[in-house]
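K.L.:
Before I ask anything, let me first share the structure, which is written out below as structure tokens.
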Amino acid sequence: MCHENATLPRIGEPAPDFDAVTTHGRLKLEDYKGRWFILFSHPADFTPVCTTEFIGFSEIYPELRKLNCDLLGLSIDSVFSHIAWVRNIQEKMGVRIEFPIIADLDRKVAEAYGMIMPGESQTETSRCVFVVDDKSIIRAIIYYPLSTGRNMQEILRLVRALQTTDQHKVATPANWQPGDEVILPAPNTDEGADKRLAAEGQYCTDWYLCRKPLSAVAPAAADKGGCH
């Protein structure tokens, strides 16, 4: 946390508002209405792990855009440092960073999102990832230590899984990938459990754990109970 009284944002709550200077000009939370976005922080420009991460984020950016999802980076470096760094990445590594980066010199955004961990660093933002949906609601939060680079494919998988849940009212099992079976909402009555076990076209380990190909999921599944 940033200071003793800081309140960390939570999954299911509105994303904290922001109005920030970025490498693409001034951006606000409201600029992302109607679109998903990933807000991620990195410790500092011109550092080795962060450089590999920005290359990684750049690689998944086209796929995220297909999912109506933008990327927005952040650190407490200046906008001039950000510009110099992304130009260095393009010059030395041949990778163009096309998404904006917040220059959070006053740490307002970092503090609002709980991106600074005093036990790890008093001056650098941790490796945080916030997935925010098209209604500006926080849907997922991931924290990594300064020493560990993020798994870009997992972040991409997470967005796909969340959007699949929204569209089909199902849950996704461990290690789920697009094309895999999904988990149906569990029945909330004894009669529903009997019907679930008797239903065809699905694989049930037990009444509460049933899987089905996504293509075979009926829209009515949304009203039959929780997905967890």
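The values are calculated or read from the model by the stated rules, or taken from the named source; none is laboratory data. Nothing here was measured: the structure is a model prediction, and the numbers come from that model. Here the Cβ positions follow ideal geometry from the backbone for every residue, glycine too, while neighbour counts run over all protein chains shown.
K.L.:
Taking the criterion of being surrounded by 15 or more Cβ atoms within 10 Å (Cβ to Cβ), out of contact with any Lys or Arg (no Cβ under 8 Å at 6 or more places or on another chain) and closer than 15 Å to A15 by Cβ, would at least one residue in the stretch 116-136 satisfy it?
P.N.:
yes
K.L.:
Take the stretch 44-79 and flag every residue that is free of Cβ contacts under 8 Å to residues at least 24 places away in the same chain and either within 20 Å of L158 (Cα to Cα) or in a loop (DSSP other than H, G, I, E, B) (or both).
P.N.:
Answer for the stretch 44-79, where residues must be free of Cβ contacts under 8 Å to residues at least 24 places away in the same chain and either within 20 Å of L158 (Cα to Cα) or in a loop (DSSP other than H, G, I, E, B) (or both): T47, P62, R65, K66.
K.L.:
Being among the basic types (K, R) and under 20 Å from E30 (Cα atoms) narrows it down to one of R160, R107, so name that one.
P.N.:
Working: R160 fails: under 20 Å from E30 (Cα atoms).
Step by step, each of R160, R107 is checked, and only R107 is among the basic types (K, R) and under 20 Å from E30 (Cα atoms).
K.L.:
Still on this structure: If the requirement is being out of contact with any strand residue (DSSP E or B) (no Cβ under 8 Å at 6 or more places or on another chain), at pLDDT below 90 and either assigned to a loop (DSSP other than H, G, I, E, B) or of a type in the set (A, V, I, L, M) (or both), which of these qualifies: A193, A161, A174?
P.N.:
Testing whether each residue is out of contact with any strand residue (DSSP E or B) (no Cβ under 8 Å at 6 or more places or on another chain), at pLDDT below 90 and either assigned to a loop (DSSP other than H, G, I, E, B) or of a type in the set (A, V, I, L, M) (or both) leaves just A193.
K.L.:
Does R87 fit the bill of being among the basic types (K, R), over 18 Å from D133 (Cα atoms) and part of a helix (DSSP H, G or I)? Give the derivation first.
P.N.:
Details: among the basic types (K, R): yes; over 18 Å from D133 (Cα atoms): yes; part of a helix (DSSP H, G or I): yes.
Considered against the rule, which asks whether it is among the basic types (K, R), over 18 Å from D133 (Cα atoms) and part of a helix (DSSP H, G or I), R87 comes out as yes.
K.L.:
Output the residues belonging to the stretch 158-167 that are surrounded by fewer than 17 Cβ atoms within 10 Å (Cβ to Cβ) and either free of Cβ contacts under 8 Å to residues at least 60 places away in the same chain or within 17 Å of R65 (Cβ to Cβ) (or both).
P.N.:
As a first pass, look at the stretch 158-167 and keep what is surrounded by fewer than 17 Cβ atoms within 10 Å (Cβ to Cβ): 165-167.
Matches in the stretch 158-167: D166, Q167.
K.L.:
Which residue, of H3, H42, H82, is outside the structural domain of S147 (by TED's automatic domain parsing) and either loosely packed, with under 14 Cβ neighbours inside 10 Å or modelled with pLDDT of 95 or more (or both)?
P.N.:
Numbers: H42 fails: outside the structural domain of S147 (by TED's automatic domain parsing); H82 fails: outside the structural domain of S147 (by TED's automatic domain parsing).
Step by step, each of H3, H42, H82 is checked, and only H3 is outside the structural domain of S147 (by TED's automatic domain parsing) and either loosely packed, with under 14 Cβ neighbours inside 10 Å or modelled with pLDDT of 95 or more (or both).
K.L.:
Can you tell me how many residues in the stretch 63-89 are out of contact with any Asp or Glu (no Cβ under 7 Å at 6 or more places or on another chain) and under 18 Å from H42 (Cα atoms)?
P.N.:
Matching residues across the stretch 63-89 total 13.
K.L.:
Let me ask another. Which of the residues spanning the stretch 111-135 are of a type in the set (G, A, S) and either assigned to a strand (DSSP E or B) or at pLDDT 95 or above (or both)? So that I can check it myself, show each step before the final result.
P.N.:
First, pick out the residues of the stretch 111-135 that are of a type in the set (G, A, S): 112, 114, 119, 121, 126.
Passing the criteria: only A112.
K.L.:
Can you tell me which residues in the stretch 136-148 are among the hydroxyl-bearing types (S, T, Y) and assigned to a loop (DSSP other than H, G, I, E, B)? First the steps, then the outcome.
P.N.:
Taking the stretch 136-148 as the starting set, the residues that turn out to be among the hydroxyl-bearing types (S, T, Y) are 136, 143-144, 147-148.
Answer for the stretch 136-148, where residues must be among the hydroxyl-bearing types (S, T, Y) and assigned to a loop (DSSP other than H, G, I, E, B): S136, S147, T148.
K.L.:
Let me ask something else. Can you tell me which of S147, S126 is touching a residue at least 60 places away in the same chain (Cβ under 8 Å), touching a Phe, Trp or Tyr at 6+ places or on another chain (Cβ under 7 Å) and assigned by TED's automatic domain parsing to the domain that holds T47?
P.N.:
Details: S147 fails: touching a Phe, Trp or Tyr at 6+ places or on another chain (Cβ under 7 Å).
Sole residue among the options that is touching a residue at least 60 places away in the same chain (Cβ under 8 Å), touching a Phe, Trp or Tyr at 6+ places or on another chain (Cβ under 7 Å) and assigned by TED's automatic domain parsing to the domain that holds T47: S126.
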